[in-house]
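The values are calculated or read from the model by the stated rules, or taken from the named source; none is laboratory data. Being a predicted model, the structure only gives us computed values, none of them experimental. All Cβ positions, glycine included, derive from the backbone under ideal geometry; neighbour counts span all protein chains shown. Heavy atoms of the whole protein, side chains included, go into the accessibility calculation; ligands, DNA and RNA do not. Shrake-Rupley method; radii C 1.70, N 1.55, O 1.52, S 1.80 Å.
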Amino acid sequence: TLFIELQFYILVGLIFPLLSNVNLSAQYWTILLLNSCTFLTFLIPQWTEKNFIFYHLPYFSIGFIIFLWFSSPKCRVHYSFFFFISLLTLTLNVHYLHKIGWSSIILSIITTVYILFFNTTNKFLEKLGEYSYSFYLLHGLIIAWFIHLLDLPTTLSGKWIYVSGIFICSWMIAAVGYWAIEKKSLLWSKKIKYPYAARITRSK
């Protein structure tokens, strides 16, 4: 996933001028190109296809459309059409061609609708959000430890307990990682003086 993240940041740097362009045609062709490129997945060996950004482009396109939705409210009718294109591509590529179920498509719709129309603050979720990067980095290790130390359960209830244990332990260790490393790093970074940034601030 870190490899995909690297590809994502490069992609955003390249296409952001097009997405932020006031010309709707530039935005439209950018979204259309991104969704078309997802089918390049089939040029990659099946065992590595999910390691490249092409497979994930419909999901990222939906995220870009949400950004456009909030940045240009007057064009939301057009962005609804953009969303339809991305959802259609996601359905075709993920569900029909890769034979993956509807779960990711349904979750994409629910997440999009929630962000667009029901996005409210929640202190508990905000607190979890603070730990999310540590969780992202550490949860794979927690899963590996559970598999190494415990036998995989065979019953459905056992599997739910197993997953719940991984989930809880991951968040607990992520909280420790946040307060022990991330929080302190943020405080240290604020003590660093950046002369170039100060000059820019003064010039404004």
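Mind listing whichever residues of the range 11-28 are under 20 Å from the mean Cα position of the chain (by Cα) and surrounded by 11 or more Cβ atoms within 10 Å (Cβ to Cβ)?
11, 12, 15, 16, 19, 20
Please go through the range 125-151 and give me each residue that is under 18 Å from the mean Cα position of the chain (by Cα) and open to solvent by 90 Å² or more (accessible area, probe 1.4 Å), ordered by number.
Of everything in the range 125-151, those that are under 18 Å from the mean Cα position of the chain (by Cα) and open to solvent by 90 Å² or more (accessible area, probe 1.4 Å) turn out to be 125, 126, 133.
If you go through the range 29-47 one residue at a time, how many are open to solvent by 70 Å² or more (accessible area, probe 1.4 Å) and at pLDDT 90 or above?
Qualifying residue count, the range 29-47: 2.
Take the range 160-181 and flag every residue that is farther than 14 Å from residue 150 by Cα and of a type in the set (Val, Ile, Thr).
Answer for the range 160-181, where residues must be farther than 14 Å from residue 150 by Cα and of a type in the set (Val, Ile, Thr): 168, 173, 176, 181.
Using the structure shown, decide if residue 50 is open to solvent by 80 Å² or more (accessible area, probe 1.4 Å), farther than 27 Å from residue 136 by Cα and of a type outside the set (A, V, I, L, M, F, W, C).
No: the conditions fail for residue 50.
Given the options 66, 110, 100, name the one that is closer than 29 Å to residue 164 by Cβ, at pLDDT 90 or above and among the aliphatic types (A, V, I, L, M).
Step by step, each of 66, 110, 100 is checked, and only 110 is closer than 29 Å to residue 164 by Cβ, at pLDDT 90 or above and among the aliphatic types (A, V, I, L, M).
Tell me, which residue of the range 1-10 that is open to solvent by 70 Å² or more (accessible area, probe 1.4 Å) and at pLDDT 90 or above is farthest from the chain's Cα centre (by Cα)? Even if it seems obvious, please write down each step before you answer.
So the first thing to find is which residues in the range 1-10 are open to solvent by 70 Å² or more (accessible area, probe 1.4 Å), and the list is 1-3, 6, 9-10.
Now restrict to residues that are at pLDDT 90 or above: 6, 9-10.
Details: 6: 12, 9: 11, 10: 15 Å.
Checking each candidate, the answer is 10.
Can you say whether residue 102 is out of contact with any Leu (no Cβ under 6 Å at 6 or more places or on another chain), of a type in the set (Phe, Trp, Tyr), over 30 Å from residue 185 (Cβ atoms) and open to solvent by 90 Å² or more (accessible area, probe 1.4 Å), as far as the supplied structure shows? Explain how you work it out, then say what you get.
Values: out of contact with any Leu (no Cβ under 6 Å at 6 or more places or on another chain): yes; of a type in the set (Phe, Trp, Tyr): yes; over 30 Å from residue 185 (Cβ atoms): yes; open to solvent by 90 Å² or more (accessible area, probe 1.4 Å): yes.
Yes: the conditions hold for residue 102.
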